[in-house]
Amino acid sequence: MTAPILSVKDLKVTFAIHQGKRWPWSPARSLHAVNGVSFDLSQGKTLGIVGESGCGKSTLIRAIAGLVPPSEGQVWLDGAAIDYNNRRDMQTLRRRMQMIFQDPIASLNPRMTIRDIVAEPLIYFRPEMSAADRRNATRDMLDRVGIPERNFNRFPHEFSGGQCQRIGIARALVSAPQILLCDEPVSALDVSTQAQVINLLKDLQAEMGLTLVFVAHDLGVIRHISDDVLVMYMGGVMEKAPASHVVDAPRHPYSQALLSAVPVPDPRVKTTPQVLNGDLPSPIDLPPGCLFQSRCPKRIDACRNVRPALLGSANRQVACLLEDV
Ligand SMILES: Nc1ncnc2c1ncn2[C@@H]1O[C@H](COP(=O)(O)OP(=O)(O)OP(=O)(O)O)[C@@H](O)[C@H]1O
Ligand code: SF4
Ligand SMILES: [Mg+2]
């Protein structure tokens, strides 16, 4: 196996929060948004991340990108450990890793033409480029994402959501990063536009040798785009495996419940979504034992006290005490 381009080891993110009235002397409590996530990702591959709202998907990729400070853990880019407090490391990170967001319109500056929006990263990351080369690179990139040149002097509000996401992708990729972190980039788009944007991302990935981390709620989308998948719950990883394994034969009880809710496009196949009863634990006072125990239909007594580690083979890892590994 080739050395991973991105390695994340035991990454944790906590937020200090004040509950109730905020007095200067009231102590802050820690909200555990990401609880020890680890993975390796090889160049040119796609890691999909799924899980319910609030499970820490965005916080995880924002922490990797250096947009929120990790409280513990380590990230390596191409074998080099990143120091998020070091300016030079952060410059390298920003040049080599870019991010696209869920709301394509809000993530573009409304006062800039799309030509300037896409050209802007080149000013920071490729300062040696002449103005003419910058113009050419911008034109090529907008052309690759399917925006015709006659539209280059228009502003973001004059485009549809799908076109804005294409412009966002052009901006993220114009400086030729190695890794693209995608935070639900198609959730706000209609189904046919989703498919176009995903196919565009896959084409650009193949052309540019890009490595993708792709957050989505839609398991169909995840199955289509990902090589491997992380299933997250309460900031932790419940299952990690190739996309086909997770989607076609999930092993963790939480992955099984998530998958049971996905409609099957065949009227002869009857599916019964598994309803998860029970409350989610508070991310502020994490309980001992398995984080999924309050909703798990398969829990046993031991689940109350033992936090299952993510164990298994290189092909599939599951964090569940019932796993015979
Ligand atoms: N800046 C912040 N301050 C305090 N808590 C935060 C902050 N950002 C996120 N959180 C909390 O961290 C947890 C994880 O949030 P996050 O946005 O990463 O979830 P998510 O999986 O991306 O959810 P969604 O699918 O809705 O986007 C949640 O409990 C959230 O309330
Ligand atoms: S460890 Fe126990 S509670 Fe957790 S997923 Fe497995 S069976 Fe369910
Ligand atoms: Mg999110």
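I'd like to know if the range 112-120 contains one or more residues that are within 16 Å of ligand 1 (Cβ to nearest atom) and in contact (Cβ under 8 Å) with a residue 12 or more places away in the chain. The answer is no, given that none of the residues of the range 112-120 is within 16 Å of ligand 1 (Cβ to nearest atom) and in contact (Cβ under 8 Å) with a residue 12 or more places away in the chain. Over 28 Å from V186 (Cβ atoms), polar (S, T, N, Q) and surrounded by fewer than 22 Cβ atoms within 10 Å (Cβ to Cβ), is that true of S53? No.
As a summary of the residue check, L108 satisfies the conditions (1) free of Cβ contacts under 8 Å to residues at least 60 places away in the same chain; (2) more than 19 Å from the chain's Cα centre (by Cα) except for the one numbered (1).
Criterion applied to A170, A195 was being at pLDDT below 95 and outside any loop (DSSP other than H, G, I, E, B), and the one residue passing it is A195.
Picking from residues in the range 89-133 that are β-branched (V, I, T) and in a helix (DSSP H, G or I), the one that is nearest to S160 (Cα to Cα) is I114.
In this structure, does L201 turn out to be of a type in the set (A, V, I, L, M, F, W, C) and touching a residue at least 40 places away in the same chain (Cβ under 8 Å)? It is false that L201 is of a type in the set (A, V, I, L, M, F, W, C) and touching a residue at least 40 places away in the same chain (Cβ under 8 Å).
One residue stands out in the range 48-67 among those that are more than 7 Å from ligand 1 (Cβ to nearest atom) and among the β-branched types (V, I, T): the one that is farthest from F292 (Cα to Cα), namely I64. Pairing residues of the range 228-242 that are among the charged types (D, E, K, R) with residues that are buried (at least 24 other Cβ atoms within 10 Å of the Cβ) and not in a strand (DSSP E or B), at Cβ distances under 7 Å and at least 6 apart in sequence or on separate chains, gives E239/V246; E239/H252; E239/S255.
The values are calculated or read from the model by the stated rules, or taken from the named source; none is laboratory data. For clarity, every value in this text was computed on a predicted model and none was experimentally measured. Note: ideal-geometry Cβ built from the backbone for every residue, glycine included; neighbour counts use all protein chains shown.
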